[in-house]
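To start, the structure under review is shown below, and the notes come after it.
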Amino acid sequence: MLQIQNLHAAYGKVEVLHDISLEVPKGKVVTLIGSNGAGKTTTMRAVSGMIKPSGGSISLNGKNITGLTSNKIARAGLAHSPEGRRVFATLSVTDNLLLGAFPRLTFGRERGDVQGDLARVFELFPRLKERAGQQAGTLSGGEQQMLAMGRALMLNPEVLLLDEPSMGLAPLLVNEVFRIIAELKGRGITMLLVEQFAAAALEVADYGYVLENGRIACHGPAQQLKDDPAVKAAYLGASH
Amino acid sequence: MEILAQLIVSGIALGMIYALIAFGYQLTFATSGTLNFGQGEALMLGALVGLTLVGHMSYWLMIPLVLVFGALQGIFVERVGVQPAIKTKSEFGWIMTTISLAIIFKNVAENIWGHDDITFPSPLPTEPLQFMGIRVLPMEILVVVGALAIMLAVELFNRKSIYGKAVVATSNDRDAAGLMGINTGMVITFSYALSSMTAAFAGVLVAPLTLTGATMGVVLGLKAFAVAIIGGLNSGMGVIVGGLILGIAETTTGYYVSTGYKDVPGLLLLLLVLAIKPAGMFGKSVIKKV
Ligand SMILES: Nc1ncnc2c1ncn2[C@@H]1O[C@H](COP(=O)(O)OP(=O)(O)OP(=O)(O)O)[C@@H](O)[C@H]1O
Ligand SMILES: [Mg+2]
């Protein structure tokens, strides 16, 4: 489904991703683990076109999307819920969600049942339904995070990229986010997940990659990584 | 008292023209953080193209053509002057390019339409209407109605259509808008088209009330800029109120003090606003995004 080969990316002259290769098979959840500054967000940005990769190739569903602009990549079916939520503050919750479906409402992707999907997102996140008419900028952090996820889902994506969906949330809400990720997985949605709670991420994921200083240090089935002593020591210590 | 009322009425029409040009400044600032310093010239070109067209057709038929012309002119400015500056992340490049293009437009207009001011035939009766002793030109009413109509149309487009929402999303967060599949480069080009279109429209609205000529845009563009700053670069209500304040300050000062000083109160107000509330009287202060 999503294939990344020998990806390099840089900010200015400083290269932060060195030769990353990873794969997200259809219907699977893959998680990317790594400490702060390892390059998880940068990987996602390079995949979704927010920054141009400086080398390597990325393909979605067999289609080469390397170097395309983010709007073209979205229309190719890749949804990215970015780090820091990035909701449209002056627009209502409903408008934010509808914009998630922009390619379906205009051109580039099959329209399908946008209103039905909107109803399903509201079902998944009842809080958003209560706040449907409210400006997104006035939502709480947790609600904004749900909105960012819901907005990405509205694309009806081939692949969903989630960058730290639990960032800054209260413990109870963190559990809720992981419950929702599991539910999305049950619906067969293909996902690449970055999470600070590595143990919980490996719990829900099928496969995992460990990123260290912009390189893939190791990878394997999620269950196997969970039991790996080195991974345990470095990433599964006190968290969660 | 009657004189004051009269001055206010005349100031309103003038103020709405300022508001309309200032509205154009806001449109491009919202999506791209850049301004077209040739807004006055876009107005001037609209008025002169309109003048040429009314030689062949009615004023009302001319308006849609001028709107199309204005949009194309805006696209040209964005493609030639602004887009390269945004692409190279040049922080101030667009200031120089839009000013340069404005000068070029003025020179071209002087070569085509000459240096002298020309009278623009009024499409409406030039006899003022009387309301309780106050005289109002039908053209002044058209200015107010026309300006409000186009601003309302843009507002409705932004609120109701998915494309309008895409414009607002781009203003909110350009990168995130890109992730939604919105071609934000196109949105910025579109905002320039819309901005120059409103200026060209302002040109054919104001032309029958003033004289038309290659230099007519310079002062109007500058004053509208003051209005955009006074009202706030991100407040639709702000430009209307700011425009009206400036327009009325101008007509009243012109009468009670001297026409030589008519621009002073507006500029004083500008300095005052900049000192006290730099985001504008109605502006929401925006934390500069990185
Ligand atoms: N906009 C930027 N400009 C320059 N350098 C950046 C930028 N964003 C990130 N970096 C650098 O790139 C490296 C990777 O950052 P990245 O945000 O991808 O890490 P991350 O794994 O997502 O970390 P975190 O867990 O803190 O979110 C870091 O060294 C960071 O300092
Ligand atoms: Mg990150």
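The values are calculated or read from the model by the stated rules, or taken from the named source; none is laboratory data. Quick caveat: nothing in here was measured; it's all calculated off a predicted structure. All Cβ positions, even for glycine, are placed from backbone atoms using ideal geometry, and neighbour counts span all protein chains on display. Each accessible area value is taken on the protein alone, full model and side chains, heavy atoms only, with ligands, DNA and RNA left out. Shrake-Rupley method; radii C 1.70, N 1.55, O 1.52, S 1.80 Å.
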In Å, the C-alpha Rg and Dmax of region B:1-124 are 17.0, 57
Placing +1 on the Cβ of each Lys and Arg and -1 on the Cβ of each Asp and Glu in chain B, which of B:Thr119, B:Gly178, B:Ser100 has its Cα farthest towards the positive end of the resulting dipole?
B:Gly178
State the extension gain, in nm to one decimal, for the chain segment bounded by A:Lys26 and A:His8, taking 0.36 nm per residue of separation less the distance between their alpha-carbons.
4.1 nm
Just the number, please: buried accessible area between A and B, total of both chains, 1.4 angstrom probe, nearest 100 square angstrom.
1800 Å²
Considering only DSSP beta bridges whose two residues both sit in the protein assembly as shown, what percent are antiparallel, to the nearest 5?
60 percent
Separation of the A:Lys129 and B:Met96 label points, Cα + 7 Å toward Cβ, nm
5.7 nm
Relative to the longest principal axis of chain A, what angle (0 to 90°, nearest 10) does the C-alpha long axis of helix A:141-153 take?
90 degrees
Considering every pair of different Cα atoms, what Kirkwood radius, in Å, is found for chain A?
18.0 Å
P(r) weight above 18 Å for region B:100-164, C-alpha pairs, percent
66 percent
Those residues in region A:79-96 that give up at least 50 Å² of accessible surface, probe 1.4 Å, once the partner protein chains are present instead of the chain by itself are A:Arg86, A:Phe88
Calculated P(r) of region A:10-68 - Cα pairs past 17 Å, %:
40 percent
Per the C-alpha gyration tensor (a ≥ b ≥ c, the square roots of its eigenvalues), region A:31-149 is rounded if a/c is under 1.5, else prolate if a/b beats b/c, else oblate; here it's oblate
Cα-based reach from B:Lys160 at 17 Å (exclusive), listing aspartates and glutamates while leaving out same-chain residues under 8 positions away
A:Asp95
Unit charges at the beta carbon, dipole of the protein assembly as shown: most positive-side option, A:Ala119, A:Leu147, A:Gly39:
A:Gly39
Contour excess over end-to-end distance, with Cα ends at A:Ala170 and A:Asn213 and 0.36 nm allotted per residue
12.6 nm
For chain A, dividing by residue count, accessible area per residue (probe 1.4 Å) in Å² works out to 41 Å²
Quote the charge dipole size of region B:2-218 about the Cα centre in Debye, to the nearest 20; the model charges only the Cβ of Lys and Arg (+1) and of Asp and Glu (-1).
600 debye
When the accessible area of region A:27-171 is split by element with a 1.4 Å probe, what percent falls to carbon and sulfur?
47 percent
Label-to-label distance, nm, for residues given as B:Leu4 and A:Glu110 (7 Å Cα→Cβ offset)
7.0 nm
Please identify, among B:Val49, B:Val219, B:Val187, the residue showing maximal mean-square fluctuation in a Gaussian network model of chain B using a 10 angstrom Cα cutoff.
B:Val219
Nearest 10, in degrees from 0 to 90: the angle of helix B:39-53 to the longest Cα principal axis of chain B is 60 degrees
Compute the Rg/Rh shape ratio of the protein assembly as shown: radius of gyration over Kirkwood radius, all on alpha-carbon atoms.
1.08
With +1 on each Lys and Arg Cβ and -1 on each Asp and Glu Cβ, and nothing else charged, work out how big the dipole of chain A is about its Cα centre, in Debye to the nearest 20.
580 debye
Rule-of-thumb Rg ratio for region B:2-218 [Cα; 2.2 N^0.38 Å; N residues]
1.07
Which percent of Cα-Cα pairs in region B:63-174 sits in each 10 Å bin, short to long?
11, 23, 32, 23, 10, 1
Of the candidates B:Ile12, B:Ile86, B:Ile21, which one comes out as most mobile in a Gaussian network treatment of chain B with C-alpha springs shorter than 10 Å?
B:Ile86
Among B:Met197, B:Met62, B:Gln130, which residue has its Cα furthest toward the positive end of the charge dipole of region B:2-218, with +1 on Lys/Arg Cβ and -1 on Asp/Glu Cβ?
B:Met197
With springs connecting C-alpha atoms under 10 Å apart, model chain A as a Gaussian network and identify which of A:Leu202, A:Leu153, A:Leu105 has the largest mean-square fluctuation.
A:Leu105
Qualifying chymotrypsin sites (Phe, Trp or Tyr not before Pro) in region B:83-157, DSSP loop, other Cβ atoms within 10 Å at most 10:
B:Phe92
Which value, in Å², gives the accessible area per residue of region B:2-218 when a 1.4 Å probe is used on the protein heavy atoms?
42 Å²
What is the sum of charges, Lys and Arg at +1 and Asp and Glu at -1, for the other residues whose Cβ falls under 15 Å from the Cβ of B:Met44?
-2
The helix B:216-231 Cα axis meets the longest alpha-carbon principal axis of chain B at an angle in degrees, between 0 and 90 and rounded to 10, of 70 degrees
